[in-house]
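Structure, as structure tokens:
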Amino acid sequence: MEASAYIDEARDPLIIAEGWVKDGREVALATVVETWGSAPRPVGSHLVIDGEGNFQGSVSGGCVEGAVVTEAIDVIGTGKAKMLEFGVADETAWRVGLSCGGRIRVYVERLG
């Protein structure tokens, strides 16, 4: 892999998540666990979200991330992890930005 394919530590969502937890923030981590067809981010991509809706990283782009942030805040509140799926077969596909024919599955869990 080329060096440009790596993310620097200041923008690495996992390092950010660790720092936010150490700072006492309530934090959730969203991870792309499966993709089918055309997907904007590969499996293993992360989005870290705090209880106030601040986030770093990316699991898709467009409105999918807004939906993931909303679900992550619920996960922080309940402590119950969720598996989310977004895709062209979903009636909300166009609304959340997956009109390209792909589907993604995102696992959201509370940290700390």
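Some values worked out for this structure:
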{"quantity": "Among residues of segment 67-104, those that are open to solvent by less than 80 Å² (accessible area, probe 1.4 Å) and either aromatic (Phe, Trp, Tyr) or at pLDDT below 95 (or both), counted", "calculated": "17"}
{"quantity": "Check on Val64, open to solvent by less than 20 Å² (accessible area, probe 1.4 Å), touching a helix residue (DSSP H, G or I) at 6+ places or on another chain (Cβ under 9 Å), at pLDDT below 95 and closer than 22 Å to Asp12 by Cβ", "calculated": "yes"}
{"quantity": "Residue list for segment 1-53, filter: hydroxyl-bearing (Ser, Thr, Tyr) and either assigned to a loop (DSSP other than H, G, I, E, B) or at pLDDT below 95 (or both)", "calculated": "Ser4, Tyr6, Thr35, Ser38, Ser45"}
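The values are calculated or read from the model by the stated rules, or taken from the named source; none is laboratory data. Note that this is a predicted model, so its numbers are computed, not measured. All Cβ positions, glycine included, derive from the backbone under ideal geometry; neighbour counts span all protein chains shown. For the accessible areas, the whole protein counts, side chains as well, though only heavy atoms, and no ligand, DNA or RNA atoms are used. Shrake-Rupley method; radii C 1.70, N 1.55, O 1.52, S 1.80 Å.
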